[in-house]
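What follows is a short report on a single structure.
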Amino acid sequence: MKTVGVLALVSSAIVLSSCQIFGNVRTTVTDLQPTIGTSWGSLALTDPGGAPIGSPECNANPSPAAPDVNAWWAGLGTTVTAANAVVGFNLWSNTNPGCGVVRHDLFRPHMSFSLAPLRAVPTGNLSLQDALASAKLVFNIVENTPLQTGAGITCSRGFSGGAANLLLLRPGTIVTPGLARSLQLPSSSVAGLVASFPPTTATPIQDLAQLQPSGTTGRATVTATGPGIARVEIDVRDYLLGALNRGDASIGFAVSSVGETAMAVSGEPQVNCRTFIGEVVLRAATI
């Protein structure tokens with residue numbers, strides 16, 4: 001099994017169930033709570049027009065100083081960190097004259113749901129698979145700061161900020177609580193990057209960057225709930241059925257960053273493209 005180190009946010013111990021009407025059939029709705037967090041990594045980029053890492057031009061203390069991810073996260077406060085994960089990227093430039101070094105921090109949320117509570121839901125004479133009427137991954141997308149652009153880098157292709165795609169984790173992937181610099185990235189790149197992640201993600205489920213602030217796109221339905229906040233519901237029934245058919249103990253998802261594609265760097269970009277993912281549940285309805 002592959003282990004993904006992440007920052008724990010919510011325990012999977014709480015399961016909420018209720019009864020609703022699905023068509024003309026009464027259903028039991030079960031909200032599975034995730035183990036969820038943020039995995040991150042850093043990549044050093046070099047502008048061909050500037051001096052590389054270790055050069056005298058880059059050794060003096062720049063302003064602003066290179067960001068400290070741990071300090072940034074702690075500074076958000078427990079009210080924020082207890083309920084959110086982070087997706088997106090942050091670009092920091094060494095502004096010393098002649099230095100061409102840019103640091104690119106990437107952030108990915110991972111989440112895992114135990115299926116044991118769902119298997120315990122009574123379904124009468126039906127198998128759980130036959131009784132599964134719907135399954136939706138539900139979460140909020142919340143802007144961290146006003147989205148920024150710089151040096152040709154655009155943060156957002158829509159309201160979703162730093163979020164790119166919802167991905168399905170490989171069966172058996174363990175989401176481990178705790179802050180971990182666990183994204184596997186090359187040590188450096190010249191004039192751009194292509195992030196190389198470990199094979200913990202498999203199937204793309206939904207392109208989040210193409211979502212509209214409200215309405216339905218593909219598997220996803222979006223409802224605007226406040227300034228800079230949207231509630232997203234994504235149909236994942238097919239994927240949950242696959243996990244149940246295999247007898248998996250859990251099902252897991254990740255959200256990729258818009259900063260994981262090739263990126264040309266020039267000038268001195270200081271771009272914050274970090275977006276919060278919060279209030280996540282896997283909502284399953286059974287008849």
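Quick look at the numbers
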quantity: Hey, Ser160 more than 17 Å from Gly252 (Cα to Cα), at pLDDT 70 or above and in a loop (DSSP other than H, G, I, E, B) or not; calculated: yes
quantity: Residues of segment 228-251 classified as basic (Lys, Arg) and within 11 Å of Val138 (Cα to Cα), total; calculated: 1
quantity: Flag if Val87 is touching a residue at least 40 places away in the same chain (Cβ under 8 Å), within 28 Å of Ser114 (Cβ to Cβ) and of a type in the set (A, V, I, L, M); calculated: yes
quantity: Unmet requirement for Leu168, which otherwise passes all of (1) more than 30 Å from Thr223 (Cβ to Cβ); (2) at pLDDT 65 or above; (3) in contact with a strand residue (DSSP E or B) (Cβ under 8 Å, 6 or more places away or on another chain); calculated: (1)
quantity: Residue that is closer than 20 Å to Thr203 by Cα, free of Cβ contacts under 8 Å to residues at least 40 places away in the same chain and either touching a Phe, Trp or Tyr at 6+ places or on another chain (Cβ under 7 Å) or polar (S, T, N, Q) (or both), where the choices are Thr217, Thr223; calculated: Thr217
quantity: Test: residue in segment 117-140 that is within 27 Å of the chain's Cα centre (by Cα) and either modelled with pLDDT under 80 or part of a loop (DSSP other than H, G, I, E, B) (or both); calculated: no
quantity: Residue list for segment 115-135, restricted to those being out of contact with any helix residue (DSSP H, G or I) (no Cβ under 8 Å at 6 or more places or on another chain) and surrounded by 19 or more Cβ atoms within 10 Å (Cβ to Cβ); calculated: Pro117
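The values are calculated or read from the model by the stated rules, or taken from the named source; none is laboratory data. The structure presented is a predicted model; accordingly, all values stated were derived computationally and were not measured. As a convention, Cβ positions derive from the backbone with ideal geometry for all residues, glycine included, and neighbour counts pool all protein chains shown.
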